1. Once you keep just the Cα pairs under 8 angstrom separated by 6 or more residues, what percentage relative contact order results for the chain?
2. If DNA, RNA and ligands are ignored and the probe is 1.4 Å, what is the ranking of W304, W266 by accessible area, most exposed first?
3. Taking the Cα centre of the chain as origin and charging only Cβ (+1 Lys, Arg; -1 Asp, Glu), how large is the dipole, in debye to the nearest 20?
4. Let me have the 222 nm mean residue ellipticity of the chain computed from DSSP H runs of 4+ only, each contributing -39500 (n - 2.57), with the sum over all residues rounded to the nearest 500.
5. Stokes-Einstein D for segment 148-220 at 10 °C, 1.306 mPa s, Kirkwood Rh over Cα pairs, in µm²/s?
6. Using only the alpha carbons of segment 100-161, what is the convex hull's orientation-averaged projected area in square nanometres?
7. Just the number please: accessible area per residue for the chain, 1.4 Å probe, all protein chains included, in Å².
8. Tabulate in residue order the Karplus-calculated ³J(HN,Hα) for segment 298-308, using 6.51 cos²θ - 1.76 cosθ + 1.60 with θ = phi - 60°, rounded to whole Hz; enter x for Gly and Pro.
Amino acid sequence: MNYDILDMNLAEAGKARIEWAEADMPVLKEIGERFAKDQTFAGIRIGCCMHVTTETANLVRALVAGGAEVALCASNLLSTQDDVAAALVKYYDVQVYAIKGVDTETYYKHIDSVINFKPQIVMDDGCDVVSRVHSEFPELLDGIIGGTEETTTGVIRLKAMAADGALKYPIVAVNDANTKHMFDNRYGTGQSTIDGIVRATNRLLAGRTVVVSGYGWCGKGAAMRAEGIGANVIVCEIDPLMALEAVMDGHRVMPAAEAAKEADVWITVTGNINVIDEAMFANLKDGAILCNSGHFNCEINIPWLRENTASSSVVKPLVEEFVLRDGRKLYLLADGRLVNLACAEGHPASVMDMSFANQALAAEWMLANRSSLEPSVIDMPRDIDDEIARLKLESMGVRIDVLTPEQEKYLGSWTEGTV
């Protein structure tokens, strides 16, 4: 079997960690058991480009249990858990191409290995496999039934491809499922981002000012958790509705260049480029910490920072100090890559239980409906979303009310009114 991992001797530790995560992923486990019984993916090759973590491993296990052959590469240079990668190869017969800390050339080599596996379903996290197979391996497009996309950034890229008429197979926007973005993006990104900052720096955040750029679901989560730990939160936004929501949530809102003057810690979660740029660097105070929880490391203008710095050095693992020409020191975490995965362990298993249940069921739905699907970005079917929510509540021991026949009739009528 083909693979490229750091050290097979790490497999036993990885297996234990995968099983630890499984205990907090009951919905995915139930789905996997059904897949195993039905052999849902028998004879199907699935190529995955995702963060190689314990939670992803349990998604892969569910697919393998359902009869799929799986090849997996990392969707980030720094997010791979090397023991998990080894365990997937040794114990679960998965072709894994992932090593934490690889260079960009190796990163794309690993992506190419998954593409050369000739997957029939592609699960992507950031659209890197999708864009690369379209641009570099067009001869393989006819063999792809469809795919799924995990992230906001990836969905943005896919919609751009669809608008240009470039997208050649259907893809379900898993990120847009309510049971994904409302929980994974908010609670998962929120907790794991603060976890990564604290692990990397061991700085007390209480009483400090944390700036959050972007008030989508990830930004809401980061702001909520920063406030919960005692920080003063400033939000930077371009969307008036999002900005208004941030104000109503009790945060200060201001332009980024002004927020820079107060920032002790700055978190970017926008999916855009150069969110922290020259104008912000000019106003940042000595000792400011910069990090990113958006998918790509372009949100902070790192090239400008390197070109305009008197000196730089790594002062702690994944903490780089930049001494500007005026003597100010700025600290960049994880080279601007995902701080929650590079400096911590990513989202907790409980929230990824829903995200990866969406991935698994979207792939099943794609396979069942392949004959009727056109190349496009497809919303997650609402009935699947609702079923995942139901299963998650059930696993938590939470019960809810149901409508009576009288209430159903009332809600469906236009003749009922003021009595």
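1. Worked out over the chain, it gives 17 percent.
2. Values: W304 60, W266 0 Å².
From most exposed to least exposed: W304, W266.
3. Values: 37 positive and 60 negative charges, 141 e Å.
Rounded to the nearest 20 debye, it is 680 debye.
4. On the way: 17 runs with 177 residues, N = 419.
That calculation yields -12500 deg cm²/dmol at 222 nm.
5. Numbers: Rh = 14.3 Å.
For the chosen part, D equals 111 µm²/s.
6. That works out to 4.4 nm², a quarter of the Cα hull's surface.
7. Working: 18540 Å² over 419 residues.
Here the per-residue accessible area is 44 Å².
8. 9, 5, 9, 6, 5, x, 4, 4, 5, 6, 10
The values are calculated or read from the model by the stated rules, or taken from the named source; none is laboratory data. Just so we're clear, the structure is a prediction, and the values are computed from it rather than from any experiment. Methodologically, a virtual Cβ is constructed for each residue, glycine included, from the backbone with ideal geometry; neighbour enumeration extends over all protein chains shown. Just the protein is used for accessible areas: all its heavy atoms, side chains included, with ligands, DNA and RNA removed. Shrake-Rupley method; radii C 1.70, N 1.55, O 1.52, S 1.80 Å.
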